[in-house]
Amino acid sequence: MNRLGKISRFYTKFASVMLDMLKFSRKPYKLGLVLSGGGARGFAHAGALKALEEVGIKPDIVAGVSAGSVVTVMYASGMAPEEIIKVFSDAKFGDFAELGVPRDGFFSMDGFKKFLRRQVRYENIEDLPLPAVVCATDLDNNRPVAFSEGTLVDCVAASCSIPIIFKPVRIKGVTYVDGGVLANLPAWALRDKCKYLIGINCSPMPSRGKPKSLMDIAHRTYDLLVKNNSQAQMELCDLAISIDDVASYKVFNLKEITRVFRSGYDNTLQALLDAGFTLRGERRKKK
């Protein structure tokens, strides 16, 4: 009986350990989607979302940086990809950025915050119907951060605050700037939470001439930053899609967003078909 009791206790303990391990390794979401920064080129993400929908893919959680965070919260609020483009169709850079004293940045994000409040009727990130994560850079502590809760417009503004061009955003006493400074594709924020992860990168390195102004220098510096930190993040994804043909579009040019949307759609749909998906959302059978 003693021997049987020991064996029974051993298997009970073994089973308990195995259950704990399974609970620890189980990821809360099946499919995650991460969207890069890219300024006006970020509207390629709306096109990418349309392509994903057409093959029957709907993410369980979405994370974004900078322009990707704007598309993230709009999509997570229930807006269709075409609606996202529509609300920006008559907009221009001056509608979102207000020129200020260039002590810590040329433009404030106040206009952008007002616009976002009108378009997304949720106060906090955690209130969104679809789980969402907004990523930014903590400038005080030199680290990337992932907001899964908090005031939506403040977190998105922080994620979009390109250094020098925009003033940093302070949240609860901490200074934040654009998430692309450290990780322009926020795969790091979802990799451990999702069984499968798709990444969309719309920040290819553009081919430009010599910078001629302070704004040109800021743009070039930012382009170099995001190019160098995106590759490692793409490697964390199960499927990484790069929208390379948007490189020629300027970061703040909203006049070409329809073309950018189309590029995102075409490139993503082709990548999905190449990966074996069909327009019915079923995997092709291996021959």
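The values are calculated or read from the model by the stated rules, or taken from the named source; none is laboratory data. Quantities reported herein were computed from a predicted structural model and do not represent experimental measurements. All Cβ positions, even for glycine, are placed from backbone atoms using ideal geometry, and neighbour counts span all protein chains on display. These accessible areas exclude ligands, DNA and RNA; they are computed on the full protein's heavy atoms, side chains included. Shrake-Rupley method; radii C 1.70, N 1.55, O 1.52, S 1.80 Å.
Assorted remarks:
- Space enclosed by the convex hull of the alpha-carbon atoms of region 27-273, per residue, Å³: 114
- In this structure the amide hydrogen of Tyr196, modeled in the peptide plane, comes within under 5 Å of the amide hydrogens of Leu31, Gly32, none closer than 5 places in sequence on its chain.
- Qualifying aspartates and glutamates (Cα of each under 18 Å from Cα of Lys27; at least 8 residues distant if same chain): Asp60, Asp192, Asp238
- Dipole magnitude (debye, nearest 20) for region 27-273, charges at Cβ of Lys, Arg, Asp, Glu: 400
- A 1.4 Å probe run over region 27-273, with the rest of the protein chains in place, finds 44 Å² accessible per residue.
- Taking Lys and Arg as +1 and Asp and Glu as -1, the other residues whose beta-carbon sits under 13 Å from that of Pro59 total +1.
- Checked against a 25 Å cut-off, the cross-linked pairs Lys58/Lys250; Lys30/Lys255; Lys30/Lys172; Lys86/Lys250; Lys50/Lys250; Lys172/Lys250 give Cα-Cα distances beyond that limit for Lys58/Lys250; Lys30/Lys255; Lys30/Lys172; Lys172/Lys250.
- Over all other residues within a Cβ to Cβ distance under 9 Å of Asn267, the charged ones net out to -3, with Lys and Arg as +1 and Asp and Glu as -1.
- Each Lys or Arg adds one and each Asp or Glu subtracts one; over the other residues with Cβ under 14 Å from the Cβ of Ala240, this totals -3.
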